[in-house]
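Reviewing the structure listed below.
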Amino acid sequence: MANDMWPKRAARQAMIEDGLALFSQKETRLKGIEDVRARKTLAMQMIASLRRLEYTAILKGRDIHPDRADPSDPLFDPERAAIFHARGDDVDEAIWLVFLSIHLGQHREHGWKRLRDVYSGLGTGTWTWQRASVDPDAFRKWLEKNHSRIGGAFGNHRKYETLNPASKSSTANVIQSFVDLVSPSPSGYFSALARAVGNDPKTIFDVAYRTLQIKRFGRLAKFDFLCLLGRLDLAPLEPGSAYLRGATGPLKGARLLVDRNRSSTTPSDDLEAILQRLDSVLSVGMQVMEDALCNWQKSPQRFKHFRG
């Protein structure tokens, strides 16, 4: 099954499968992967997650065309745009774009259309970090006049968000809270955090996760935001745990792995400890562990390629 999809990663998948089996036999029983099909499927989800991280690494080594950073251009891509801005010594703009991309999300059908419309000001002028942070009220007024004209849709994980300025959950309020938190400089905010807590990316991530107060950013949005900043080298961040407390899919996946029951009552902290020991064997990282478990629990016996 794995050889047909990713033959170059067959050896890595086999190592993950063997590591899962060995951990279950020698360390802590993992009831959910005692069936060889479930074990193979979970290993494939980990390979899929690793591939997504490898793709980001590949992008960081490529030339980025300026059109990728132009929200009025169909080629616009926020991840590439963030790399482009960071290379131009505008890390604040890069972090701002990552924040907007997490809040608005990528829709399966419409792609980044909603982000492009908002960021470009519907083609009338880009809402850069400098412009939006200096006068967030101007953005709010623009949104009041134009929210009904903005196309696309929020991403699947952000489907309960709204552009309507009349709502307390409005994008205008989300942006205001981000501006209030990190002004005058998003990069400065994370640099100060690193100076305060030390040089360990896992410690910095944990403190950032626990202190990040952005409206409408719950557990998933915070985790994804900080992970992407770390992957793009915009801040020294790396998750040292899967942050299962308050999670849905990843917590179900961890319970399915350990108890063969998505609805078990095993505490999240106990599961976290097991996952951290498991990663000492697999060496995939907790970002991969969280993502793979979330996707695996949706289809534990048959691999499905989820794209967000």
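Which number in (1) open to solvent by less than 20 Å² (accessible area, probe 1.4 Å); (2) within 15 Å of the chain's Cα centre (by Cα); (3) farther than 18 Å from residue 53 by Cβ marks the one condition that residue 232 misses?
Checking residue 232 against (1) open to solvent by less than 20 Å² (accessible area, probe 1.4 Å); (2) within 15 Å of the chain's Cα centre (by Cα); (3) farther than 18 Å from residue 53 by Cβ, the one that fails is (3).
Return the only residue of 31, 60, 8 being charged (D, E, K, R), in contact (Cβ under 8 Å) with a residue 60 or more places away in the chain and within 24 Å of residue 302 (Cα to Cα).
31
Quick one: how many residues across region 171-190 are assigned to a helix (DSSP H, G or I) and either among the small types (Gly, Ala, Ser) or closer than 11 Å to residue 96 by Cβ (or both)?
9
Among the charged types (D, E, K, R) and in a helix (DSSP H, G or I) - does that describe any residue in region 69-78?
no
Keeping to region 195-225, report how many residues are surrounded by 19 or more Cβ atoms within 10 Å (Cβ to Cβ), of a type in the set (A, V, I, L, M, F, W, C) and assigned to a helix (DSSP H, G or I).
Counting residues in region 195-225 that are surrounded by 19 or more Cβ atoms within 10 Å (Cβ to Cβ), of a type in the set (A, V, I, L, M, F, W, C) and assigned to a helix (DSSP H, G or I) gives 7.
What are the pairs with Cβ atoms under 7 angstrom where one residue, in region 136-160, is charged (D, E, K, R) and the other, located anywhere, is assigned to a helix (DSSP H, G or I)? Sequence gap at least six, or different chains.
140/172; 158/103; 158/104
The values are calculated or read from the model by the stated rules, or taken from the named source; none is laboratory data. Predicted model only: the values in this text are computed from it and were never measured. Cβ: placed from backbone, ideal geometry, glycine included. Neighbour counts: every protein chain shown. Accessible surface is based on the protein model in full, side chains and every heavy atom, while ligands, DNA and RNA are left aside. Shrake-Rupley method; radii C 1.70, N 1.55, O 1.52, S 1.80 Å.
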